[in-house]
Structures are given as C-alpha cells and as structure tokens.
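Participant: Let me begin by handing over the structure; questions about it come next.
The values are calculated or read from the model by the stated rules, or taken from the named source; none is laboratory data. Quick caveat: nothing in here was measured; it's all calculated off a predicted structure. Positions of Cβ are generated from backbone atoms using ideal geometry, with glycine treated the same way; all protein chains shown enter the neighbour counts.
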Amino acid sequence: MSPLLAWPSAGTDDAQMLRLLLDHVSDCLVAVDGAGMIVLINRPYCTLLGGSEEDFLRRHITEVIGPQTRLHLVAQGDKPMSPYPLEVRGQKLLARQVPVLKDGKPVGAIGIALFSSPSALRRAYQRFESAVAVQAPTATWRAKFDLRDIVGNDPAMEECRSRLRRAAETDFPVLIDGETGTGKELAAHALHAASSRSGGPFVSVNCASIPAELIDSELFGYEGGAFTGAASAGKVGKVELASGGTLFLDEIGDMPLRLQGSLLRVLQTGEIVRVGGTRPIPVDFRLACATHRTLEDRLAAGAFRSDLFYRVAVLRVRMPALRERADLTMLVGALLGRICETSGATARELTTMQMDRLRSHQWPGNVRELESVLSRYLVMGEIEISKIPGAGPVVEEAPTGNLKALTDRQRAQVAEEELGKAGGDVEEAARRLGISRSQFYRIRSTGRRTHPG
C-alpha cells in the first residue's frame, strides 16, 4: 500500500484492527494514492464489485469503477463534488470524495459510496433525483473559451482583456456592451475561465430567444405538474444550474419588465422559487450580462428597470467594433489559422488587393462577419463581401401587417424596430404589425438563427 496515505503496515495488529473496522462499515469505501491506484478497499465495496480485496488492490480506480469516477482527479487536486451520483455494476450510489493532504498538497483521496445495500441504494438515488436534481442537465455547462481566445493587439482589445482580468478577481456582476458580432459571449466565457469559479458551471441564456410565456420556467425551473404540459418530474432552471459558477444572460436588454423584477429579487436574496413551488432554493452564482442595445436608452424608454440596471452594471466591459480596431491584419491571420484547424480547409494567403478590400469594408457584422468572409474565401478563393448576410441595405420601413415579402433577417429587423417604437411592449409591437404575440416571438427567433447577434 502507498506510504503516502500512511496506512498501518500489512500484518500488524493495527492493520488488522483497521481492516476489521472498515469491513464493518456499512458504506462502501475505497482509497487511492496520487496516481489513482487503489490502496485500500473494504468488504462492502468488494461485495458490490463482485470480487475480493486482492482483485482490486494496486489497480487504477477507473479500471475497477469505470471512467465515470472522479476519485483519481480529486487525488490530483480537483475540487470534490459531493454528493456525486455514481453507477457501479448497474447499481446507483451517492459518492462522497475526500482529498488526502500532506503538507497542504493532495497525495490521495478517499471515496465513500453511501447506502451499499442495493435496495437502499435505489431508494437513496430516487430521493436524490427528486429532491436535488429533478432533471439532470443534458449538456455539460462549461466555458469553452478563455482570455487567449480574445485575439488582437489593438489598444482597445488590450484594455478589454485587462478589464476582464480585473473583473475576474471579484464576484461583482459584469455587463458586456458591444455591437452584434463583436464577441460578447466570448468575453463572458473568458471572464468565467479566469475567475475563481472556473471549476463550476457556465450557464448561458439568451433572453431574446425565449418566449415571455416560458422564460420564467427556463430561468427558475418548475415543479412537476406546475402547469399544463409540464414534465411530471419537473425541471431545474438555468439559475439553479449555474449555482457555484457563472450565469450569463445574453441580450438582457430584451428581458421582459415583469421578469426583471423576478431577477432583481434573486440578486437581492440569493434564492429562487421554482414555478409551482413553495420553498425557496438558495443559489450562489456570478452574473454576467451582455447586450447590443444601450441600456441607458432602454431606461429612458421605460423598458428597463433602473434598480436592476445598477445591479447588473457594477462593472462594464465594452467590446470594440471591428471598424474601430487597427489590428485587422493580425486578426485575419489568426482567424484563417483557426478556421483551417477546425474545418480542415486548405490554407490560403490573401493578396495585397484582397487585404485592401477587407480594410475598406465597414464590417457591420464585425468579427462574425469577417469570419464568414474568410471561411468562404478558403473554399471559393475569392473575397465576397457583398454577399454577406447583414451587409445588404437596411430596411427602413415595411408595410404594416404584411411581412411575407421580406427575408427572415429583414422581418426580424422590422420586428425589433417596432418593439423599440413601442417602448419594449411586445403586445403593442405585434398589434402594429398585425400579428399575434407568438408570431412576433417566432419572427425574432428565426431572424436570430439566420443572422445571429
């Protein structure tokens, strides 16, 4: 056995007493050294695994338990997750992981699997599923980018990265401003990755893409049978999923006024109540928000609450528009390399004339538009800026009540303009266009899918 865990030497009276004690513990127990090798396992765990102690000692924990275990990661310094649902030999357990430290450094870990009786295991896991994780998330909520992915040496980009680093040292809410396509969500990912919460979830919600009728249940979750069509098991909301990590609310400027009050209460109390629920659930998350709108204008129009504004805009980071930056050459080179790496496209070099054409463009779609142009260039060998979605003429007006002749993007743009004229009132904007609320939401959602902001 590993001396790192300082177990009594085999064959000694102390070792026999320890073995006797551990074998009489009803829960399953296993210990690994810093390399993830099993150095101790008690009889209940051996029984569950269908073998004897000799079958499992000095083998790697993943070889015995399976790739779903995290014990070897905890032994190397990862943060323990407890209680941790674990399935072993078809049996569902609740596992607890305890790091073993020596001089403050991890040298191993102990795993305790609760309720080793198969019937008790099933009952415990069912209670866990219903009380703690009503509906397990189907995706791993992790940040996919960090500060290294924010490319550029323009002073404005240097300032952006600097502000994100400083903001990451705190838990204050951060508001990320910028035009469509400037990389606001990328900045939110990088903020989370640089923070002390980087090991926790990064949960993203687009406030503009969820119909107002559903956004409460999406953010706060719901209890089983809370409303017609609700899943019988209920659902965990995005705010609850983000606990321990970062909640990113994209396009917060489009959040309905009614929901703004609910979000404000969560920020003030640190608790949520699921739709149809009666008990408060504590949540602990860092809030990051983004908007392509000017929230001060939304305040003036009465479409955004001033008390919520002061809560979400404690720290602000502005993503500069591409036309304001002087590092286009560097950005083009970085994007071409990234596109070739991810798509398998053959690398091409731009001619001086092609680069001049890129410099002369105003880039209304910013970095996202540039990436689209370069992707097409790698395939076709030509710079086709005029065909970029979003580079065409802006629709100033449209016949009220008749949007059929317009493209999805144009329809969404007209809907946004009417919403602004109506001061954020969806009912009024839909009435002006001669459509229903559900049609209004569908038009905005479809427009974003074809030309995301």
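Participant: Is it fair to say T69 is touching a residue at least 24 places away in the same chain (Cβ under 8 Å) and either surrounded by fewer than 17 Cβ atoms within 10 Å (Cβ to Cβ) or over 30 Å from the mean Cα position of the chain (by Cα) (or both)? Spell out how you get there, then give the answer.
Facilitator: Working: touching a residue at least 24 places away in the same chain (Cβ under 8 Å): yes; either surrounded by fewer than 17 Cβ atoms within 10 Å (Cβ to Cβ) or over 30 Å from the mean Cα position of the chain (by Cα) (or both): no.
Answer is no for this residue.
Participant: What are the residues in segment 35-65 that are among the charged types (D, E, K, R), buried (at least 17 other Cβ atoms within 10 Å of the Cβ) and outside any helix (DSSP H, G or I), if any? Break it down into steps so the answer makes sense when it comes.
Facilitator: Residues of segment 35-65 that are among the charged types (D, E, K, R), as a first pass: 43, 53-55, 58-59, 63.
Now drop any that are not buried (at least 17 other Cβ atoms within 10 Å of the Cβ), which leaves 43.
None; the set is empty.
Participant: Also, I was wondering about something else. Looking only at segment 271-302, count how many residues are in contact with a Pro (Cβ under 6 Å, 6 or more places away or on another chain) and loosely packed, with under 15 Cβ neighbours inside 10 Å.
Facilitator: Of the residues in that region, 1 qualify.
Participant: Residue check, S162 against (1) more than 16 Å from the chain's Cα centre (by Cα); (2) assigned to a loop (DSSP other than H, G, I, E, B); (3) of a type in the set (S, T, Y), all met but one. Which one?
Facilitator: Checking S162 against (1) more than 16 Å from the chain's Cα centre (by Cα); (2) assigned to a loop (DSSP other than H, G, I, E, B); (3) of a type in the set (S, T, Y), the one that fails is (2).
Participant: Do the conditions hold for A167, that is, is it over 16 Å from the mean Cα position of the chain (by Cα), within 25 Å of Q268 (Cα to Cα), in a helix (DSSP H, G or I) and not β-branched (V, I, T)?
Facilitator: Here the answer is yes, as A167 does meet what is asked.
Participant: Are there any pairs with C-beta distances below 7 angstrom linking a residue in segment 42-55 that is in contact (Cβ under 8 Å) with a residue 24 or more places away in the chain to a residue that is among the charged types (D, E, K, R) and not in a helix (DSSP H, G or I), with the two at least 6 apart or on different chains, and if so which?
Facilitator: P44/D27; L48/R89; L49/R89; G50/R89
Participant: So in segment 177-195, with the set limited to residues that are surrounded by fewer than 23 Cβ atoms within 10 Å (Cβ to Cβ) and not small (G, A, S), which one is farthest from G253 (Cα to Cα)?
Facilitator: This residue is L186.
Participant: Among the residues of segment 323-336, are any modelled with pLDDT of 90 or more, under 15 Å from G183 (Cα atoms), outside any helix (DSSP H, G or I) and touching a helix residue (DSSP H, G or I) at 6+ places or on another chain (Cβ under 7 Å)?
Facilitator: yes
Rundown of residues vs (1) modelled with pLDDT under 85; (2) assigned to a loop (DSSP other than H, G, I, E, B), yes/no style:
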{"site": "P67", "(1), (2)": "yes, yes"}
{"site": "L73", "(1), (2)": "no, no"}
{"site": "S82", "(1), (2)": "yes, yes"}
{"site": "P85", "(1), (2)": "yes, no"}
{"site": "L93", "(1), (2)": "yes, no"}
{"site": "V100", "(1), (2)": "no, no"}
{"site": "I110", "(1), (2)": "no, no"}
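Participant: For segment 246-284, which residues satisfy the criterion of being touching a residue at least 60 places away in the same chain (Cβ under 8 Å), touching a helix residue (DSSP H, G or I) at 6+ places or on another chain (Cβ under 7 Å) and assigned to a loop (DSSP other than H, G, I, E, B)?
Facilitator: Of everything in segment 246-284, just one residue is touching a residue at least 60 places away in the same chain (Cβ under 8 Å), touching a helix residue (DSSP H, G or I) at 6+ places or on another chain (Cβ under 7 Å) and assigned to a loop (DSSP other than H, G, I, E, B), namely P256.
Participant: Among the candidates V367, V312, V332, which residue alone is crowded, with 18+ Cβ neighbours inside 10 Å and in the same structural domain as L247 (by TED's automatic domain parsing)? Quick ask: steps written out before the conclusion?
Facilitator: On the way: V367 fails: in the same structural domain as L247 (by TED's automatic domain parsing); V332 fails: in the same structural domain as L247 (by TED's automatic domain parsing).
Of V367, V312, V332, the one residue that is crowded, with 18+ Cβ neighbours inside 10 Å and in the same structural domain as L247 (by TED's automatic domain parsing) is V312.
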